[in-house]
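Worksheet: the structure to be examined is printed underneath.
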Amino acid sequence: MSTTTQKLSSLPLPPGSLGLPIIGESISFLKERNFAAKRQQKYGSIFKTHIFGRPTVVMVGAEANQFLFKNENKYVTSTWPKTTRVLLGPASLSVQIGDFHTSRRKLLFQAFQPRALASYLPTMERITAEYLQQWESSGTLTWYPELRNYTFDIASSLIVGIENGSKTALGKLFEEWGAGLFSLFIPLPGTTFSKALRSRQGLLKLIGQITLKRQQQGNLGEDALGILLQARDEDGNRLSLDELKDQILVLLFAGHETLTSAIASFCLLTAQHPEVLEKIRAEQRQLSVSAPLTMEKLKQMTYLEQVLKEVMRLIPPVGGGFREVIEPFEFNGYFIPKGWIVQYQIIQTHKDREIYQDSESFSPERFAAETTQEKQKAFAYIPFGGGLRECLGKEFARLEMRIFASMLVTNYEWELLPEQNLEMVSIPTPHPRDGLKVKFRRL
Ligand code: HEM
């Protein structure tokens, strides 16, 4: 043991319980929505637990986030359970680490540059209009599953050029694959994992066929796949077909459930706060918003932007992120050993009362430019994570949320149906237990 490690290991481990042998506190972690909140109250903003077979330290707050984001690849590195790693595939951006990850991020970012985003706008607008019309003709609907189809249709159209993706083979394979992503790693016939692995093969085949067709036709396309087919890394090399397939899959995956949750939470919170909805509508009127939308117009929707920010503060689609400790370190006087897992906490960071007064209430005004709270501490608002692994699709997500919200509030109204369970379920991402039942009509 080196002297530094000896010195470090003389420090105490964070307080907390490792739970039962082997399973630790995994069941509570999966079942209790306020798992971290309860333990934070008992032990403070850094505590240990044992989940998914690994001793884990949960670190809460802006300083902890900053520390972890700034020490990516030095003390910590991204990690995923084996099932997720295998199903995402060896070349997927999410499982890459170190310099190779940084270089691949740069390459994939070409599909999210401002120019690419502007070219996605008309498709997002068209698909949004189609869904809004469908919902109008339904009258009443369970919105969450509809919103999942909506975000998937946009993703499949803009990422691989498939229209109505949720109703095609792509959608079916994607569902089966997604169902296995966080299942137990049991590579035996008939298990959720094995079914998902088979779907992965189907998805890769499909992406391969689309790619081949484009290459044969000499038209690579202008969607994300088209951009990535033409992109080159720093050494001038193109992505191999195998890598391209994994990267397309991660893009389809990373944005789907997250974006659905954010949009569903917007619908729920604005239905519960008519005064906020009225202010959004007033801004839309004042800006004389009409079709077709433009990037300039969307940028002017500053109140809407505050609302969307507050939606993701209060109900962040991703609750936190996991890292593996690659070099032991000290944080706030505690020893964090090599090989342990660390979790940064988005939910609890967003509830910090020192930063967000009345942190449980929905109050978009807290993000108004003129209030002091906007001059927040760095790393206190992190719905998209931070540092080297910050969400690659952040601007894509912000664009789609604004388009959806603007078109929805300007032309439609919705009302929560009585007698439904609005309690939030957190898996795969937060949504109301009964799927958000509403009455929907044109304004
Ligand atoms: C509201 C919607 C979204 C939220 C809240 C969200 C949140 C996040 C978070 C918290 C991370 C970091 C995870 C970590 O630290 O380990 C992340 C990573 C990522 N996100 Fe998103 N995301 C959203 C939408 C999207 C979309 C639409 C796409 C793509 C179309 C996307 C692509 C990615 C990718 C590729 C990564 C991995 C980045 C890397 O490992 O370098 N996300 N996202």
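The values are calculated or read from the model by the stated rules, or taken from the named source; none is laboratory data. Nothing here was measured: the structure is a model prediction, and the numbers come from that model. Quick reminder, even Gly has a Cβ in these numbers, built from the backbone with ideal geometry, and neighbours come from all protein chains shown. Ligands, DNA and RNA are excluded from the accessible area calculation, which covers all protein heavy atoms including side chains. Shrake-Rupley method; radii C 1.70, N 1.55, O 1.52, S 1.80 Å.
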Original post:
How much of Lys338 can a 1.4 Å solvent probe reach, expressed as accessible area in Å² and rounded to 10?
Top reply: 130 Å²
**OP:** Would you mind getting me the FRET efficiency between Lys439 and Glu354? Use the beta-carbon distance for r and R0 = 45 Å, nearest 0.05.
**Re:** 0.65
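For the stretch 400-443, which trypsin sites (Lys or Arg not before Pro) are both in a DSSP coil and crowded by at most 12 other Cβ atoms within 10 Å? Write out the running numbers ahead of the final one.
Details: sites: Arg402, Arg433, Lys437, Lys439, Arg441, Arg442; in loops: Arg433.
The qualifying sites are Arg433.
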Original post:
Given 0.36 nm per residue, what is the gain on full extension from Leu212 to Gln6 after removing their alpha carbon distance, in nm?
Top reply: 68.5 nm
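When ligands, DNA and RNA are left out and all protein chains stay put, how many square angstrom of accessible area per residue does the chain have with a 1.4 Å probe?
Ligands and nucleic acids excluded, the result is 46 Å² per residue.
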Original post:
Gaussian network model of the chain, Cα springs within a sub-10 Å range: biggest mean-square fluctuation belongs to which of Gln284, Gln217, Gln247?
Top reply: Gln217
Original post:
D for the chain, whole µm²/s, Stokes-Einstein with Kirkwood Rh over alpha-carbon pairs at 10 °C and 1.306 mPa s: what number?
Top reply: 68 µm²/s
**OP:** Report the relative contact order of the stretch 3-442, percent, no decimals, based on alpha-carbon pairs under 8 angstrom and at least 6 residues apart.
**Re:** 24 percent
**OP:** Return P(r) of the stretch 310-366 (all Cα-Cα pairs; 10 Å bins starting at 0; whole %; ordered from short to long distances).
**Re:** 21, 37, 25, 16, 1
Original post:
In deg cm²/dmol and to the nearest 500, what is the mean residue ellipticity at 222 nm of the chain if only DSSP H runs of at least 4 residues count, each as -39500 (n - 2.57), divided by the residue total?
Top reply: -16000 deg cm²/dmol
**OP:** With a 1.4 Å probe and every protein chain kept in, tell me what percent of the accessible surface of the chain is carbon plus sulfur.
**Re:** 54 percent
Subject >> Only Lys, Arg (+1) and Asp, Glu (-1) charged, at Cβ; the stretch 3-442 dipole about Cα centre in debye >> reply: 840 debye
**OP:** With springs connecting C-alpha atoms under 10 Å apart, model the chain as a Gaussian network and identify which of Ser183, Ser261, Ser94 has the largest mean-square fluctuation.
**Re:** Ser183
Original post:
Quick one: ranking Glu25, Glu415 by accessible area, 1.4 Å probe, largest first, what do you get?
Top reply: Glu415, Glu25
Subject >> Listed residues Ile248, Ile427, Ile347, most fluctuating in the chain (Gaussian network, C-alpha, under 10 Å) >> reply: Ile427
Subject >> the stretch 246-363 - Debye-derived log10 I(q)/I(0), Cα point model, q = 0.13, 0.16 Å⁻¹ >> reply: -0.74, -0.96
Original post:
Using a simple charge model, +1 on the beta-carbon of Lys and Arg, -1 on the beta-carbon of Asp and Glu, nothing else, what dipole does the stretch 257-321 show about its Cα centre, in debye to the nearest 20?
Top reply: 120 debye
Subject >> Cα-projected label distance for Glu423 with Leu188, points at 7 Å along beta-carbon direction, nm >> reply: 3.3 nm
Subject >> Largest-first principal axis extents, alpha carbons of the stretch 4-128, Å >> reply: 55, 38, 31
**OP:** Using +1 at the Cβ of each Lys and Arg and -1 at the Cβ of each Asp and Glu in the chain, identify which of Pro328, Thr270, Leu408 lies farthest towards the dipole's positive end.
**Re:** Pro328
Subject >> Distance histogram for the stretch 46-195 (every C-alpha pair counted, 10 angstrom bins, percent rounded to whole numbers) >> reply: 9, 23, 31, 27, 10, 0
**OP:** Can you tell me how much longer the chain between Arg54 and Leu416 gets when fully stretched, taken as 0.36 nm per residue apart minus their C-alpha distance, in nm with one decimal?
**Re:** 126.2 nm
Original post:
Between Lys195 and Lys38, 0.36 nm times their residue separation minus their Cα-Cα distance comes to what?
Top reply: 52.9 nm
Subject >> Amide H partners (placed H, <5 Å) of Lys437, local residues excluded >> reply: Trp143, Leu417
**OP:** Towards the positive end of the charge dipole of the chain, with charges on Cβ (+1 Lys, Arg; -1 Asp, Glu), say which of Leu18, Thr211, Val250 has the farthest Cα.
**Re:** Leu18
Subject >> Residue order for Arg366, Arg398 - accessible surface, 1.4 angstrom probe, largest first >> reply: Arg398, Arg366
Original post:
How much accessible surface does Cys391 have with a 1.4 Å probe, in Å² rounded to 10?
Top reply: 50 Å²
Original post:
Would you list Arg232, Arg104 from the most to the least accessible area, probe 1.4 Å?
Top reply: Arg232, Arg104
